[in-house]
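Scroll down for the structure; my scribbles are underneath it.
Every number here is computed from the coordinates shown, using simple stated rules; none is lab data. The shown structure was predicted, so the numbers you read here are calculated from the model rather than taken from an experiment. Glycine gets a Cβ as well: all are built from the backbone with ideal geometry, and neighbour counts include every protein chain shown.
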Amino acid sequence: MRVDKENYYLDIAETVLERGTCLRRNYGAIIVKNDEIVSTGYSGAPRGRKNCINLGYCMRESLNIPQGERYELCRSVHAEANAIISASRRDMLGATLYLAGRDMKTGALIENPQSCAMCKRLIINAGISTVITRSSGGRYNVTDVRDWVFNDDSLSELSELF
């Protein structure tokens, strides 16, 4: 049985995440347009800086910071951001980003990984049209990036403050 294209690219994203250097969660992202891989990215410290795996600790983990909070304390550039900065916008217009993640403590794949708010903004501005994330058992989720534009979650977070 031949693997479908979505799982083929998600398998590649899983391979890319193996280069990640985060001690908490590693992600792999690939950008595909017209059935060609445009770029790849994984989570890791900016070039020239030490990675958490080299330091032997994660600042956010050491401070018991919950998932999804205080990303400014994280050493890593996210996989989506690294894939985006490695491609030209011309090649990303209308492209699909495939995303896979792994919990480094358990080794388990993260079902339906979600891009953080900042990565969503980068994906929108890059012109990427679709994000596909791995679920389980060969299943995957497809997100139309226009939904992120029209259902602006940053406004709902702001309304909670007032």
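Between Ile31, Ile84, Ile53, the Gaussian network model of the chain with springs among Cα atoms under 10 angstrom shows the greatest mean-square fluctuation at Ile53.
Once the Cα-Cα distance is subtracted from the 0.36 nm per residue extended length, the Gln114 to Arg146 segment shows a gain of 10.0 nm.
Report the residue, chosen from Gly94, Gly28, Gly48, that carries the largest GNM mean-square fluctuation when the chain is represented by alpha-carbon nodes joined by springs under 10 Å. In this elastic network of the chain, the residue with the biggest mean-square fluctuation among Gly94, Gly28, Gly48 is Gly48. Counting charges near Arg102 (Lys, Arg +1; Asp, Glu -1) among other residues having Cβ under 12 Å from its Cβ returns a value of +1.
Take the Cα of Leu93, step 7 Å toward its Cβ, do the same at Asp11, and the gap between the two points is 3.3 nm. Where both partners of a DSSP beta bridge lie in the range 17-133, what percent of those bridges are antiparallel, to the nearest 5? Among the beta bridges of the range 17-133, antiparallel pairing accounts for roughly 80 percent. Taking all Cα pairs closer than 8 Å and separated by 6 or more residues, the relative contact order of the chain comes to 23 percent. In summary, the lysines within cross-link reach of Lys50, defined as a Cα separation below 22 angstrom excluding same-chain residues under 8 places away, comprise Lys105. Our helix-only sum for the chain, with -39,500 (n - 2.57) per DSSP H run of n ≥ 4 divided by its residues, gives a mean residue ellipticity at 222 nm of -8500 deg cm²/dmol. Only beta bridges with both residues in the range 76-162 are counted; by DSSP, about 60 percent of them are antiparallel. Computed from label points 7 Å out along Cα-Cβ, the spacing between Ser154 and Asp4 is 3.3 nm.
Here Lys120 is the anchor, and the aspartates and glutamates within straight C-alpha reach of less than 17 Å, apart from those fewer than 8 places off in the same chain, are Glu69, Glu72, Glu80, Asp144, Asp147, Asp152, Asp153, Glu157. The mean sequence distance of close C-alpha pairs (under 8 Å, at least 6 residues apart), as a share of the length of the range 28-67, puts its relative contact order at 23 percent. Rounded to the nearest Hz, the phi-derived 3J(HN,Hα) couplings of the range 92-103 under the Karplus curve 6.51 cos²θ - 1.76 cosθ + 1.60 (θ = phi - 60°) are 9, 4, x, 7, 10, 9, 9, 10, 10, x, 9, 6, where x marks glycine and proline. Here r is the Cβ-Cβ distance between Leu55 and Ser86 and R0 is 30 Å; the resulting FRET efficiency, rounded to 0.05, is 0.80.
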